[in-house]
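The values are calculated or read from the model by the stated rules, or taken from the named source; none is laboratory data. These figures come from a predicted structure and were not determined experimentally. Counting neighbours? That spans all protein chains shown, and the Cβs are built from the backbone with ideal geometry, glycine included. Accessible surface areas use protein heavy atoms only, side chains included; no ligands, DNA or RNA. Shrake-Rupley method; radii C 1.70, N 1.55, O 1.52, S 1.80 Å.
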Amino acid sequence: MTTLTDNVFGFIENRVTPVAGKAASQRHIMAMRDGFISAMPFMIVGSFLLIFAFPPFAADSNWAIAQVWLQLAERYQGQLLTPFNMTMGIMSVYITAAISYNLAQSYSMEPFMPAMLSLMSFLLVAAPLTEGGLPAGYLGGTGIFTAILVSLYSTELMYFLQRKNIGIKMPEQVPGKIKQSFDLLIPILLVVLTIYPLNLYIESQTGMIIPEAIMTAFKPLVSAADSLPAILLAVLLTHVLWFAGIHGAAIVGGMLQAFWLTNLSANQTALAAGAQIPHVFVEGFWSFFIVLGGSGATLGLVFLFMRSRAAHLKTIGKISVVPSLFNINEPVIFGTPLIMNPTFFIPFITAPLVNATIAYFCVKTGIVGAVISVVPWTAPAPVGAALRNPLMI
């Protein structure tokens, strides 16, 4: 048994940790993660506005306040949904600019101009002018994968031109802002000459513009990511990385954000259409059902520590209880410590896997409602679990 344990820990320390460390510091992964985080306020506000448009009460409720709310929501649903459409409904627009901005910062570039270039590039392929207006069909969750690819391409293109000193040379006397605007001319031209013709070619061959083609290509992957095996794999990888001392939630969560937001958008579309909500694996499912109290689902462990006879563990429990209620558990992870601690390896890995399995079947069978809104992950688990689908209250 000791030999097996040593082999497992040796594999984690020698093989997993170096790879995970490189992934955690990879600039494109970090830019995507930080880009999603930057756009989160728009999505949180938009999600709560959706709740006002679809009150969490049955149509035959006898409660007076519920009836007033239902009547107001029905009468002013269009007005209530307008802020939602301008936040969650076009979240890919914000994500595009945010990813590009963060990637440009990692290259020590002035980030505003690359963000503007990426935004133009995304709109060029995702919202071509139709009947005098910009269609919004791919500006929301269905355009996320396009947003990621376009923002990375546009920023890398601008960085390449800057690194090779390719651009319009301006006299030193020209103000800096004017020079920055002229620095965009060649990148804009190259984007128009590369992405736009590609969009036209794909449309002529398949009848689909780039975002639609990308969603078609990613559809099997999105469906697979919503399955229990995929959820368990993500949970396992996250906690193995954490056990190795790498912030697994930041790495895996950053890569899963595109899938989570795509699923969330589909759930909200189904809600608006009065259809069955299709997806289980959304960020709220992760935060409030799988990792209660933080990675490792350590909230219960903190309560046990508070009753421990060991002074050290009892102190850790008292220090950690308030942060853990808000899903922040670094004090207990590093204070115990849980990292590379063979005593806690099995429960640290297993508890979230069990939570995920139970929660998945509860949602699938309708015992618990699927996620339809974005709630900050720092919300206490009972509150966040309720707010992620107020229609089930």
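Quick check, is ALA351 within 30 Å of THR87 (Cα to Cα), at pLDDT 85 or above and in a helix (DSSP H, G or I)? Write out each step before concluding.
Working: within 30 Å of THR87 (Cα to Cα): no; at pLDDT 85 or above: yes; in a helix (DSSP H, G or I): yes.
Taking the combined requirement at face value, the residue does not satisfy it.
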Regarding ALA66, is this residue in a helix (DSSP H, G or I), farther than 30 Å from LEU185 by Cβ and open to solvent by less than 40 Å² (accessible area, probe 1.4 Å)? yes
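For (1) at pLDDT 90 or above; (2) in contact with a helix residue (DSSP H, G or I) (Cβ under 6 Å, 6 or more places away or on another chain); (3) crowded, with 21+ Cβ neighbours inside 10 Å, each residue gets a yes or a no:
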{"site": "THR357", "(1), (2), (3)": "yes, no, no"}
{"site": "GLY366", "(1), (2), (3)": "no, no, no"}
{"site": "GLY369", "(1), (2), (3)": "no, yes, no"}
{"site": "ILE372", "(1), (2), (3)": "no, yes, yes"}
{"site": "PRO382", "(1), (2), (3)": "no, no, no"}
{"site": "ALA385", "(1), (2), (3)": "no, yes, yes"}
Return yes or no: is LEU103 open to solvent by 30 Å² or more (accessible area, probe 1.4 Å) and closer than 20 Å to ILE195 by Cβ? no
For ASP226, only one of the following conditions fails: (1) at pLDDT below 90; (2) surrounded by 22 or more Cβ atoms within 10 Å (Cβ to Cβ); (3) of a type outside the set (Phe, Trp, Tyr). What is its number? (2)
For SER92, are the conditions met, namely being of a type in the set (Gly, Ala, Ser) and surrounded by fewer than 19 Cβ atoms within 10 Å (Cβ to Cβ)? no
Working only within the range 263-285, note down all residues that are open to solvent by 10 Å² or more (accessible area, probe 1.4 Å), closer than 23 Å to LEU149 by Cα and not hydrophobic (A, V, I, L, M, F, W, C). SER265, GLU283
If you check every pair at least six apart or on different chains, which have Cβ atoms under 8 Å apart with a residue in the range 211-232 that is on the phi > 0 side of the Ramachandran plot first and a residue that is open to solvent by less than 50 Å² (accessible area, probe 1.4 Å) second? none
Taking the condition surrounded by fewer than 20 Cβ atoms within 10 Å (Cβ to Cβ) and aliphatic (A, V, I, L, M), does LEU117 pass? no
Which residue is farthest from the chain's Cα centre (by Cα), if the candidates are limited to the range 201-218 and must be under 20 Å from PHE122 (Cα atoms) and loosely packed, with under 14 Cβ neighbours inside 10 Å? SER204
State the number of residues belonging to the range 325-340 that are open to solvent by less than 30 Å² (accessible area, probe 1.4 Å) and farther than 22 Å from LEU264 by Cβ. 6
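Per-residue answers, yes or no, for (1) farther than 25 Å from ASP34 by Cβ; (2) open to solvent by less than 60 Å² (accessible area, probe 1.4 Å); (3) without any contact (Cβ under 8 Å) to a residue 12 or more places away in the chain:
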| position | (1), (2), (3) |
| --- | --- |
| LEU80 | yes, yes, no |
| MET109 | no, yes, no |
| THR130 | yes, no, yes |
| PRO135 | yes, yes, yes |
| THR155 | no, yes, no |
| VAL192 | yes, yes, no |
Among the numbered conditions (1) at pLDDT 85 or above; (2) part of a helix (DSSP H, G or I), tell me where GLY293 comes up short. (2)
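What do you reckon, is THR315 open to solvent by 20 Å² or more (accessible area, probe 1.4 Å) and either in contact with a Phe, Trp or Tyr (Cβ under 9 Å, 6 or more places away or on another chain) or touching a residue at least 60 places away in the same chain (Cβ under 8 Å) (or both)?
Details: open to solvent by 20 Å² or more (accessible area, probe 1.4 Å): yes; either in contact with a Phe, Trp or Tyr (Cβ under 9 Å, 6 or more places away or on another chain) or touching a residue at least 60 places away in the same chain (Cβ under 8 Å) (or both): yes.
Here the answer is yes, as THR315 does meet what is asked.
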